[in-house]
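Structure, as structure tokens:
The values are calculated or read from the model by the stated rules, or taken from the named source; none is laboratory data. Quick caveat: nothing in here was measured; it's all calculated off a predicted structure. Positions of Cβ are generated from backbone atoms using ideal geometry, with glycine treated the same way; all protein chains shown enter the neighbour counts.
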Amino acid sequence: MRVALANNDEDALRAAGKTLVHSLMHRGDLVRVLVNGNETAPTCYFALRDHATLLDLTPIYEDEPPPLKDPPELETQIVPPGTVQDNLFAPHDYDIHDRVLNAMERAQDLSVTRMAGVGVSGLLQDVVGLLRPTFLGTELHIELFKSADVPDPLPNVDHCPRNERPFWALTRVEGEAVWIPAWSELPPILKQRVAPEDAPGGFAAGVAVPLYPPAEELNPEDQGVISEVGLLYVIQLAPIDRETLVRLAFRISRFVTNGWRQTSLMNRLVHIDNLTGVHNRAFFDEQLVLEIERAQRRSTSLILLLGDIDHFKDVNDRYGHPAGDRVLKSVARELLRGLRRIDLVCRVGGEEFALVLPDTDLEAARDIVTRIQVRIANLRLSDPDASEPLRVTISFGGAGFPGAGDTPDELYRNADRMLYLSKQRGRNRCHFWNPGGDPILTLPRYNASTD
């Protein structure tokens, strides 16, 4: 349209305008408004969704009547058994094709507002949310095998304990899809959401297919082997051919995996520090709020640790910034190795790191600090400009929720005070905020295990 305007090409502009109008109407973002119900009126008024202003688009329809309504919603066509070939999106499956294209269109709106720290389940919930408006009359649900991947209940993602799984789920061979012919064979959470066969709009058919993670999400211990992380359930509330539903379920599973990959990539681009590979300050500021809210709901404790590399400026001044960068990357690596998967490591300043430890009390936090400080003090960093390997230490300040603060700002402020105290009193140590008295000092024990 910009090119047509620049070239003063009325025909091209009119054609582009018609294409745009049809696209917006198909998406439901644009509707035609009939004045006094007169469909033959010479003017063509339209309105954008959520806007009250009428748009007069008569000039682009001077040579033909405008579309009067949105394209009709097609009913799902049932394909007889044995007729589904490799080209799933054949003409008789146009409705499925159209739906998947709509879902792919929505995927362009993948949001990075959901923090990566909510885990795999929160990320998958966002991807399923893109599909739900597209597959009306279909219930989509993901069951993850590891309970640690589902920290909080979500509408379309959960973890089913082994003793509650259907018998077929316990005997299924990895990689296989399972046809679910009866409502009674569903896991408990889907029985709560889907009505039985004899109820209006109830269960008609279902299938469970494996869900795989993107290759980029594999851990080093996986050694490149991609294994299932869960099952994707596709439950149909209207009759559908078995083979068609199975093929469609596999397509949706691949879509979810690809959405997982794209969302993870976006989160890494926005929330990961490029130098060290740990989370950045923006991630920390938002995730600390979520972790405190989660601790409040569960009535559990949480520890915030702020760490600062000792005499880091001297490293930069004496050996140069490349050496300082190597120190930062090495320290970040040791912090990650010394913590659990549910713990968060964030770089919040030049040489300052923040550690968020959910479900952790003071005694456990003191052990963690001891282990980390020993790991970092034992580092030997080679540098061509140094006569001997570089060695660094790190100081910490800690504050626990709820005793040291009920808000993120208060918790951070008290942890920062304790970090300042550790620096002031000799470095390579940690002080914890003590609401009942003097700060609690923790010194590294060099005979402690670093594993």
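For (1) crowded, with 21+ Cβ neighbours inside 10 Å; (2) more than 15 Å from residue 210 (Cα to Cα); (3) touching a helix residue (DSSP H, G or I) at 6+ places or on another chain (Cβ under 7 Å), each residue gets a yes or a no:
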{"residue": "120", "(1), (2), (3)": "yes, yes, yes"}
{"residue": "124", "(1), (2), (3)": "yes, no, yes"}
{"residue": "130", "(1), (2), (3)": "yes, yes, yes"}
{"residue": "134", "(1), (2), (3)": "no, yes, yes"}
{"residue": "138", "(1), (2), (3)": "yes, yes, no"}
{"residue": "143", "(1), (2), (3)": "yes, no, no"}
{"residue": "150", "(1), (2), (3)": "yes, yes, yes"}
{"residue": "157", "(1), (2), (3)": "yes, no, yes"}
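Mind checking whether some residue in the stretch 259-276 is within 27 Å of residue 130 (Cα to Cα) and at pLDDT 90 or above?
The answer is no, given that none of the residues of the stretch 259-276 is within 27 Å of residue 130 (Cα to Cα) and at pLDDT 90 or above.
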Subset of the stretch 1-20 (residues that are hydrophobic (A, V, I, L, M, F, W, C) and loosely packed, with under 10 Cβ neighbours inside 10 Å): 6
The stretch 349-359, subset touching a Lys or Arg at 6+ places or on another chain (Cβ under 9 Å) and buried (at least 19 other Cβ atoms within 10 Å of the Cβ), residue farthest from residue 303 (Cα to Cα): 351
Checked against (1) closer than 26 Å to residue 443 by Cα; (2) over 26 Å from the mean Cα position of the chain (by Cα); (3) surrounded by fewer than 18 Cβ atoms within 10 Å (Cβ to Cβ), residue 333 satisfies every condition except (2)
What number of residues within the stretch 404-417 satisfy the criterion of being outside any loop (DSSP other than H, G, I, E, B) and either more than 13 Å from residue 355 (Cβ to Cβ) or more than 36 Å from the chain's Cα centre (by Cα) (or both)? 7
Just to confirm my filter: which strands (runs of 3 or more DSSP E) fall fully inside the stretch 174-258 and include at least 1 residues that are assigned by TED's automatic domain parsing to the domain that holds residue 124, in contact with a helix residue (DSSP H, G or I) (Cβ under 8 Å, 6 or more places away or on another chain) and under 19 Å from residue 127 (Cβ atoms)? 205-211, 230-236
How many residues of the stretch 296-310 are surrounded by 14 or more Cβ atoms within 10 Å (Cβ to Cβ) and more than 12 Å from residue 356 (Cα to Cα)? The answer is 4
Would you say residue 360 is within 23 Å of residue 410 (Cβ to Cβ) and either of a type in the set (Ser, Thr, Tyr) or outside the structural domain of residue 405 (by TED's automatic domain parsing) (or both)? yes
Scanning for something acidic (Asp, Glu), over 19 Å from residue 374 (Cα atoms), buried (at least 16 other Cβ atoms within 10 Å of the Cβ) and within 24 Å of the chain's Cα centre (by Cα), does the stretch 268-277 turn up at least one residue? yes
Just for the stretch 25-50: of the residues that are modelled with pLDDT under 80 and under 22 Å from residue 133 (Cα atoms), which one is surrounded by the fewest Cβ atoms within 10 Å (Cβ to Cβ)? 50
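A quick yes/no check of all residues on (1) at pLDDT 90 or above; (2) hydrophobic (A, V, I, L, M, F, W, C):
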| site | (1), (2) |
| --- | --- |
| 116 | no, yes |
| 137 | no, no |
| 145 | yes, yes |
| 149 | no, no |
| 159 | yes, no |
| 200 | no, no |
Residues 143, 139: which one is in a strand (DSSP E or B) and farther than 28 Å from residue 340 by Cβ? 139
